[in-house]
1. Quick one: which residues, 5 or more positions from Y108 or on another chain, have an amide H under 5 Å from its amide H? H modelled 1.01 Å from N in the peptide plane, none for Pro or chain starts.
2. Where a ≥ b ≥ c are the square roots of the eigenvalues of the C-alpha gyration tensor, would you call segment 3-70 rounded, which needs a/c under 1.5, or, failing that, prolate if a/b is larger than b/c, or oblate?
3. Indicate the gyration tensor shape class of segment 138-190 (rounded, prolate or oblate), computed on the Cα atoms with a ≥ b ≥ c the square roots of the eigenvalues: a/c under 1.5 is rounded; otherwise a/b larger than b/c is prolate and the rest oblate.
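Readers should treat all values here as calculations from the given coordinates under stated rules, not as data from a laboratory. None of these values were measured; they are calculated from a predicted model.
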Amino acid sequence: MTHKDIYTKFMIEYDKANVTSSYPSLTEYEVATVLDKAYNALIAQKVTGNNVRRSTIESDTKSVSDLQPLLVHSHPKFISDDNEAAVNVANIATLNLPSDFLYFVQLYLVQQVTGINGANNSEPANDTAHNRNPFDNKTTRLIPTRLVSHQMAEKFYITPYNMPWIKIPVVYLENGTAKVVYDLLNAPLV
């Protein structure tokens, strides 16, 4: 359905509304604004679970099928922090979020797999078969992350008095970027 079709159907229903007083006339831009606001509210209800069924995104097949066209899979790259004084934590990597980002669903990191001979795959080797994992013959793996609050992420920072083991890397969102806190011994490809 095109925007013109949506506008036409909206105007038909708007004219048929059974009320005693008349509605104000709306310009096409005003109708688009109202419809856009309603569309974003509907998406928010389906993502957050603030709906009749109390089902959030990916909690059932109905939610998945309703929101599936809106889900975008992107491959953001880590960026270097130019301002070293602002972030003085060794185990944080920053990546830019897509410009059309609306809700966070999931983030996976890519990690090198150490091969049979114990060599890290980032080093060039003559025989690539020796640098593959013996179980699935892969050189990289996807690692899931967890979205946490800023306060929770602080517990995973490497500091002079804290050297945490991070089984599952954590992510927090900040100013159009995602900050990934990871274990330095199992670092993702940054």
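1. Those lying under 5 Å, H to H, from Y108: there are none.
2. prolate
3. Verdict is oblate for segment 138-190.
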